[in-house]
Amino acid sequence: MDAGLIFSYVIAGFLMILIATVSLNTSNSSSELTLQETQKRKISDVIEVITYDIPKIGYNSNTLPDTLLKSVSSSHIEFYSNIDNSIDGSVELIRWEFSSDQVTDTQNPNDFILYRIVNGISSSITSGITSFTLNYYVELGSNTPLTMPISAITNKSTIDDIVQIEIVMNSESGIPLKYGSGSASNRYLESSWSKRFSPVNLRDN
């Protein structure tokens, strides 16, 4: 066989492999971007509700509730607030709690339910949340969180000293990343969010 023809076949083979590799990488990048955007939208909805609720701890248009924080731990926070800004000034009991209840409609085994409970009415948040940790501080900017849990019933003076609340939330996609047709890795797309809140009513309490 002509050496030039053999060389042409070799070059063509390399080009085919290169094109296939580029195509696969493009497909993988597209899948990852799609998962990333989907997860970002889901988590942004959760963040929006959190950033609405937490600054309103103790809020009321008339007078502050006698107890602002009812109980706190690293996995839950329970507080009073006129959260719906009702004209009659009625105060609701709001609880955020990260549970050990698994989300059953995703492939991710690390996906657990975050609950938002208002006056006993529970809403289940199933947005790929893998961890949700709360830290509490008695001084603004402190690096030493309080030891948990704390209840207003047994330790009201300590719970009344809290001025800052930190939330650290991690999430993962509900399905694993795919590499090629029909294949999937065990890697889920991860994202994290954290924020410190300094509710006005806690600072003035």
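Values computed for the structure shown
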read-out	value
Positions within the stretch 118-148 being assigned to a loop (DSSP other than H, G, I, E, B), among the hydroxyl-bearing types (S, T, Y) and within 18 Å of the chain's Cα centre (by Cα), in sequence order	T126, S127
Qualifying residue in the stretch 164-184 (condition: assigned to a strand (DSSP E or B), among the acidic types (D, E) and either surrounded by 19 or more Cβ atoms within 10 Å (Cβ to Cβ) or modelled with pLDDT of 95 or more (or both))	yes
Hits in the stretch 42-89 (condition: in a loop (DSSP other than H, G, I, E, B), in contact with a strand residue (DSSP E or B) (Cβ under 8 Å, 6 or more places away or on another chain) and touching a residue at least 60 places away in the same chain (Cβ under 8 Å))	I57, G58, Y59, T67, L68, S73, S74
Scan of the stretch 96-135 for residues that are in contact with a Pro (Cβ under 8 Å, 6 or more places away or on another chain) and under 19 Å from G174 (Cα atoms), ordered by number	Q102, Q107, N108
Every residue from the stretch 53-67 that is within 18 Å of K156 (Cα to Cα) and either touching a helix residue (DSSP H, G or I) at 6+ places or on another chain (Cβ under 8 Å) or modelled with pLDDT of 90 or more (or both)	I57, G58, L64, T67
Selected residue [under 19 Å from S73 (Cα atoms) and either in contact (Cβ under 8 Å) with a residue 60 or more places away in the chain or of a type in the set (A, V, I, L, M, F, W, C) (or both)] from L177, L146	L146
Those residues of the stretch 106-117 which are more than 12 Å from the chain's Cα centre (by Cα) and touching a residue at least 60 places away in the same chain (Cβ under 8 Å), in sequence order	T106, Q107, N108, N110, R116
Candidate set from the stretch 152-177 (those that are small (G, A, S) and out of contact with any helix residue (DSSP H, G or I) (no Cβ under 7 Å at 6 or more places or on another chain)); member that is farthest from D105 (Cα to Cα)	S157
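The values are calculated or read from the model by the stated rules, or taken from the named source; none is laboratory data. It should be emphasised that the depicted structure is a prediction, and the values quoted were computed from it without experimental measurement. Positions of Cβ are backbone-derived with ideal geometry, glycine not excepted, and every protein chain shown enters the neighbour counts.
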